[in-house]
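Here is the structure we will look at, set down as structure tokens.
The values are calculated or read from the model by the stated rules, or taken from the named source; none is laboratory data. Keep in mind that what you see is a predicted model, and the values were worked out from it rather than measured. Heads up, the Cβs are rebuilt from the backbone with ideal geometry, glycines too, and the neighbour counts pull from every protein chain shown.
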Amino acid sequence: MSRRLLPTLIFAVALAAAGATAAYATAVSGTQNPELRVKVSITPLHPKVGQTMVFHMKITNLTGRTLHGEWEYTYSTPTNGIGAAMAGSLGPGVWAHDVFRRKVTASTPKGRYTLTAEADDNHGRSHATVHATVG
């Protein structure tokens, strides 16, 4: 192999790997508000019958002071959805989170499952959304 071809091949493999990582990301972060980071994840992204989908939502106070605001998330399936909202205080560097699971069975509706979380205070809103597909 030539000395010139090897660096080109290494670059092509690295570029392909980077593209694969972005295409199959299981977690998404959002920090549009510089005080609050929102992170959501679903694993696996393409679950099969017998697997359990794990949905995780996390909101982090990125400041050195207590923030007062609202935190909420919505979970939707191909057939319905649910949501929850909270208002209150989040201490410096503290995070709030929720985790829930759904076992995939033969009767689980096929299609897109979505988890969205948002957090806001008087400096704006942060949000993130992630999707998984059954079937």
Item to check | Top-ranked residue in the stretch 42-63 [being farther than 21 Å from Gly111 by Cβ and among the polar types (S, T, N, Q); ranked as surrounded by the fewest Cβ atoms within 10 Å (Cβ to Cβ)] | outcome: Thr63
Checklist entry - Within the stretch 24-41, is there a residue that is part of a strand (DSSP E or B), among the polar types (S, T, N, Q) and exposed (fewer than 13 other Cβ atoms within 10 Å of the Cβ)? => result no
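Conditions tested, residue by residue: (1) more than 15 Å from Val130 (Cα to Cα); (2) of a type in the set (Val, Ile, Thr); (3) touching a Phe, Trp or Tyr at 6+ places or on another chain (Cβ under 8 Å).
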site: Gln51; (1), (2), (3): yes, no, no
site: Ile59; (1), (2), (3): no, yes, yes
site: Thr63; (1), (2), (3): yes, yes, no
site: Gly81; (1), (2), (3): no, no, yes
site: Pro92; (1), (2), (3): yes, no, no
site: Ala96; (1), (2), (3): yes, no, yes
site: Val99; (1), (2), (3): no, yes, yes
site: Arg102; (1), (2), (3): yes, no, yes
site: Thr105; (1), (2), (3): yes, yes, no
Checklist outcome for this item: Within the stretch 96-134, residues being aromatic (Phe, Trp, Tyr) and at pLDDT 95 or above number 1
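For the stretch 69-116, what are the residues that are hydroxyl-bearing (Ser, Thr, Tyr), surrounded by fewer than 13 Cβ atoms within 10 Å (Cβ to Cβ) and outside any strand (DSSP E or B)? Steps first, please.
First, pick out the residues of the stretch 69-116 that are hydroxyl-bearing (Ser, Thr, Tyr): 73-77, 79, 89, 105, 107-108, 113-114, 116.
Checking the rest, the ones that are also surrounded by fewer than 13 Cβ atoms within 10 Å (Cβ to Cβ) come to 79, 89, 105, 107.
Within the stretch 69-116, Thr79, Thr105, Ser107 meet the criteria.
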Checklist entry - If you take the residues of the stretch 117-131 that are part of a strand (DSSP E or B) and not small (Gly, Ala, Ser), which of them is nearest to Gln51 (Cα to Cα)? => result His131
